[in-house]
Amino acid sequence: MRRVATPVVAMLLGLGLGLGLAGHAGAQGQPAAAKAVVIHAGALLDKPGQAPRGASTLVVRGGRIEAVRDGFAAPETVGAPGAQVLDLRDQFVLPGLIDSHVHIFSDDDKVKARMEGYSRDIEDNMVIAIDNARRTLEAGFTTIRDLGSDIHGVTALRDGIDKGLVSGPTIVAAGRAISVTGGHGDGSNNLNRDLADLAHRHAENVCNGPEDCRRAVRSQIGQGADVIKFTATGGVLSNVAGGLGAQMFDDEMKAVVETAHMFGRKVAAHAHGTDGILAALNAGVDSIEHGTFGTPQTDALFKKTGAYFVPTMLAPQTALEQARAGARSKASLDKAEIAAKAAMENHRRAIASGVKIAFGTDTGVSAHGDNGKEFALMVSVGMTPAEAIKAATVNAADLLGRSASIGTLEPGKDADIIAVASSPLADVTQLEHPTFVMHRGTVARIGGQRAPFPPN
């Protein structure tokens, strides 16, 4: 069926971004000549969760890892004569990091965003998102799961990155979060009647009752969503005094999960309150985001269902700071005070109990590029640096269903590679300042500095 381009679609195509109307390409465009790159690593954590290797050689060709060898091998000895050699012999090399919870279209300047929110179009926000994507990649995060952005904008950015037109991480996109009317995710909250009426006309993500929620899920999938997110409970940053407890009925949650799984999509549930966490886990979600008011009962259900917990510890602390500074609404301030106080200790208990953890930050609340600050918080509540790194590589890849291509450095996998100055197993804050970043074979950062894009 032929699709007619709207003016907005035409504009984005003119930017070379595309909307991926034929579906997600799934592979970044590579240079015409598949010339090899040889990386000499002083230490190599090729499989997080296992002990690191010493001096090692990585061979990269066509955006993928071709070989991993012990020692500093010459190009001609690994079947890559004439290859470019990248000298990281004084650095610690590991897989590109994965952030399972990002909002790539969110503006770091919250006051400015609130003031300009009703005058910006998606095109304006796209410019912001492109910059956010590049900063995120340069911070060492080569894959992100975006859990709440305009579906057309985020799929355009996703596809532009995959085609090599824009510098940024691989994006697994949810589009708009599924929400009930008045819930966290309903963009009409607290608007005057005229603006609320306009918002409702375009609120394909808002639903009421199980049949309507099935419709909302199908709508996001039909427009290109890779994953589905729904708001099981209230949220800290929604401008409505609705609390942090459950906001969807059990049958609505089950309808969301069953529909998404029918279409082969995983499901992430935004859930703060205990009742919402339990209901979402019983509905069969693949991950719980935030989990602020978890209990031993929720911990046990996590382990029974096999769902991942994405704590996003950086978010409540940042939100509280912003709200106290006047950058958030009064409704948000009241909820942030409660969430920030409860989160850390509940997360400490969940980690100690053996719940599966995947790394996520809720970046967009915090500043883009600061994603690595989550590691120190994870360690502060009981994770070892090795466990935190595994959560941001092996575990996150498993959650995203992409273990075949990312999460470890093995032949055949994407050449998503970062380096830091010294071992993050001894000092996890090293991950806040990567010295080298490669995404699918293209260098984004080297010597601690931004690499040119497109590459020379």
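The values are calculated or read from the model by the stated rules, or taken from the named source; none is laboratory data. Everything numeric here is computed off the predicted structure, so don't read it as measured data. When we count neighbours, we look across all protein chains shown, and the Cβ atoms used for this are built from the backbone with ideal geometry, even at glycine.
Name the residue that is surrounded by the most Cβ atoms within 10 Å (Cβ to Cβ), counting only residues in region 127-159 that are more than 30 Å from residue 447 (Cβ to Cβ) and either charged (D, E, K, R) or in contact with a Ser or Thr (Cβ under 6 Å, 6 or more places away or on another chain) (or both).
Residue satisfying both the conditions and the ranking: 159.
Looking only at region 410-430, which residues are within 20 Å of residue 54 (Cβ to Cβ) and aliphatic (A, V, I, L, M)?
417, 418, 419, 420, 421, 425, 426
One residue is enough: does region 36-49 have a residue meeting the conditions loosely packed, with under 14 Cβ neighbours inside 10 Å, modelled with pLDDT of 95 or more and not in a strand (DSSP E or B)? Talk me through it step by step, then tell me what you get.
Applying the first criterion (loosely packed, with under 14 Cβ neighbours inside 10 Å) to region 36-49 yields none.
Checked region 36-49: no residue is loosely packed, with under 14 Cβ neighbours inside 10 Å, modelled with pLDDT of 95 or more and not in a strand (DSSP E or B).
Give me the strands (runs of 3 or more DSSP E) completely within region 368-456, filtered to those with at least 3 residues that are surrounded by fewer than 18 Cβ atoms within 10 Å (Cβ to Cβ), modelled with pLDDT of 95 or more and not small (Gly, Ala, Ser), ordered by residue number.
Fully inside region 368-456 and qualifying: nothing.
Assess whether residue 356 counts as being in contact (Cβ under 8 Å) with a residue 40 or more places away in the chain, under 25 Å from residue 317 (Cα atoms) and over 13 Å from the mean Cα position of the chain (by Cα). Spell out how you get there, then give the answer.
On the way: in contact (Cβ under 8 Å) with a residue 40 or more places away in the chain: yes; under 25 Å from residue 317 (Cα atoms): yes; over 13 Å from the mean Cα position of the chain (by Cα): yes.
So residue 356 passes the test.
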